């Protein structure tokens with residue numbers, strides 16, 4: 001089957017849609033900043049029944065639980081549903097009986113996230129919170145019992161060209177989920193279809209013939225997605241992204257490598 005070029009605008013729209021779906025509530029994104037907005041009368045010790053009721057109008061701070069959003073490096077369960085990102089995108093979906101579950105960790109200087117996939121019957125608050133590590137082991141993300149080894153194994157689709165394009169973008173956005181500040185990497189990349197000419201580039205090997213995003217679905221059920229990006233933070237670089245899909249699932253073997261850097 002011939003290689004199909006994908007309009008850059010389509011690739012960017014898919015990415016923008018997923019990012020919008022992954023937008024966190026302020027309380028989860030910046031717990032400290034949100035807490036500072038709470039009126040002192042609400043956080044004060046209740047003196048009347050009305051005051052007591054006000055406490056429960058502040059989500060996440062009614063009991064001061066260690067499982068609430070915090071900036072102390074303790075993991076907590078996010079309220080968003082990452083699977084919603086696929087509801088308006090054609091060709092790819094979460095398998096029936098599975099759910100994508102998001103976790104977050106926040107510190108005063110940054111934060112990261114983690115999305116796992118597990119059977120839907122285990123999607124209860126008590127079960128999800130039981131997987132939270134004790135203390136502030138933020139570099140050990142929660143993996144509830146029954147989670148799949150790779151979140152992409154919870155996806156299925158129609159095997160169309162666009163389903164693989166969506167999968168490639170989704171995987172990278174899930175890896176970046178919840179990342180802030182110095183913990184962001186993929187967010188520093190801008191998708192491109194032509195070489196930026198504002199600077200001169202030094203190539204590590206022979207430059208590619210073009211930079212258009214491409215996808216190829218073979219008759220044996222395998223597929224490949226290829227696209228390029230420019231890292232917009234120092235060190236500036238052109239990146240080549242190649243995802244190769246075996247027949248049977250949307251888990252790809254991926255290569256993301258810098259192929260050019262700015263001439264000094």
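Read-outs throughout are calculated quantities, based only on the coordinates presented, and are distinct from any laboratory measurement. Here the structure is a predicted model, which means the values were calculated and not measured. Note that each Cβ is placed from the backbone with ideal geometry, even for glycine, and that neighbours are counted across all protein chains shown.
Expected output is a single nm value to one decimal: the length gained when fully extending between residue 2 and residue 216, i.e. 0.36 nm times separation in residues minus the C-alpha distance. What is it? Present the calculation step by step, with values, prior to reporting the outcome.
On the way: separation 214, 0.36 × 214 = 77.04 nm, distance 0.66 nm.
Computed gain between residue 2 and residue 216 is 76.4 nm.
Per 0.36 nm of contour for each residue apart, how much would the distance between residue 160 and residue 198 grow if the chain were fully extended, relative to their Cα-Cα spacing?
Working: separation 38, 0.36 × 38 = 13.68 nm, distance 3.63 nm.
Working it through step by step, the gained length comes to 10.1 nm.
Just to be sure I understand: with springs between alpha-carbon atoms less than 10 Å apart, which residue in 73, 181, 113 has the highest mean-square fluctuation in the Gaussian network model of the chain?
Among 73, 181, 113, the largest GNM mean-square fluctuation belongs to 181.
Note the direction-averaged projected area, equal to a quarter of the hull surface, for the Cα convex hull of segment 192-241, in nm².
On the way: hull surface 17.4 nm².
Averaging across all directions leaves 4.3 nm² for the Cα convex hull.
How big is the equivalent ellipsoid of the chain along its three axes, where each semi-axis is √(5λ) from the Cα gyration tensor, reported in whole Å from largest to smallest? Don't skip to the end; give the middle numbers.
Working: eigenvalues 305, 108, 46 Å².
Semi-axes, largest first: 39, 23, 15 Å.
Given axes a ≥ b ≥ c from the Cα gyration tensor, I'd like to know whether segment 126-214 is rounded (a/c under 1.5), prolate (a/b larger than b/c) or oblate. Could the numbers behind the result be given before it?
Numbers: a/c = 3.52, a/b = 1.69, b/c = 2.09.
Verdict is oblate for segment 126-214.
Under the rule of -39500 (n - 2.57) per DSSP H run of 4 or more residues, summed and divided by the residues of the chain, what mean residue ellipticity at 222 nm is obtained, to the nearest 500 deg cm²/dmol?
-6000 deg cm²/dmol
Identify which of 240, 139, 189 has the largest mean-square fluctuation in a Gaussian network model of the chain, with springs joining Cα atoms closer than 10 Å.
Looking only at 240, 139, 189, the biggest GNM fluctuation is shown by 139.
To the nearest 0.05, how large is the calculated FRET efficiency for residue 145 and residue 10 if R₀ is 45 Å and r is the Cβ-Cβ distance? Walk me through the numbers on the way to the answer.
On the way: r = 39 Å, r/R0 = 0.86.
So, using R0 = 45 Å, E works out to roughly 0.70.
To the nearest Å, what is the center-to-center distance of segment 135-204 and segment 232-256, using C-alpha atoms only?
So the two Cα centres are separated by 9 Å.
If one takes the longest principal axis of the Cα atoms in the chain, at what angle in degrees, from 0 to 90 and to the nearest 10, does the Cα axis of helix 161-176 lie?
Computed tilt is about 50 degrees.
Test of understanding: extend the Cα→C-beta vector of residue 233 to 7 Å, then name every residue of segment 173-217 with backbone N under 20 Å from that spot.
173-192
Just check segment 163-246 against the gyration tensor rule for me: Cα atoms, a ≥ b ≥ c as the square roots of the eigenvalues, rounded for a/c under 1.5, and otherwise prolate or oblate depending on whether a/b exceeds b/c.
Numbers: a/c = 2.65, a/b = 1.20, b/c = 2.21.
Oblate, because a/c is 1.5 or more while a/b does not exceed b/c.
Need the full-extension length gain, residue 137 to residue 72, defined as separation in residues times 0.36 nm minus the C-alpha distance. One decimal, nm. Walk me through the numbers on the way to the answer.
On the way: separation 65, 0.36 × 65 = 23.40 nm, distance 1.04 nm.
Between residue 137 and residue 72, full extension yields 22.4 nm more.
Mind giving me the FRET efficiency for residue 96 and residue 20? R0 is 30 Å, r the Cβ-Cβ distance, nearest 0.05 is fine. Before the final figure, lay out the partial values.
Working: r = 25 Å, r/R0 = 0.83.
With R0 = 30 Å, the Cβ-Cβ based efficiency is 0.75.
Report, in degrees rounded to the nearest 10, the 0 to 90 angle that the Cα long axis of helix 8-21 makes with the longest principal axis of the chain.
10 degrees
To make sure I understand, if each residue's beta carbon is the centre and we count other beta carbons within 10 Å, what order do 173, 134, 129 fall in, fewest to most?
On the way: 173 21, 134 8, 129 17.
Going from least to most buried by this count: 134, 129, 173.
Compare 31, 69, 209 in a GNM of the chain, Cα atoms joined below 10 Å, and give the one with the largest fluctuation.
In this elastic network of the chain, the residue with the biggest mean-square fluctuation among 31, 69, 209 is 209.
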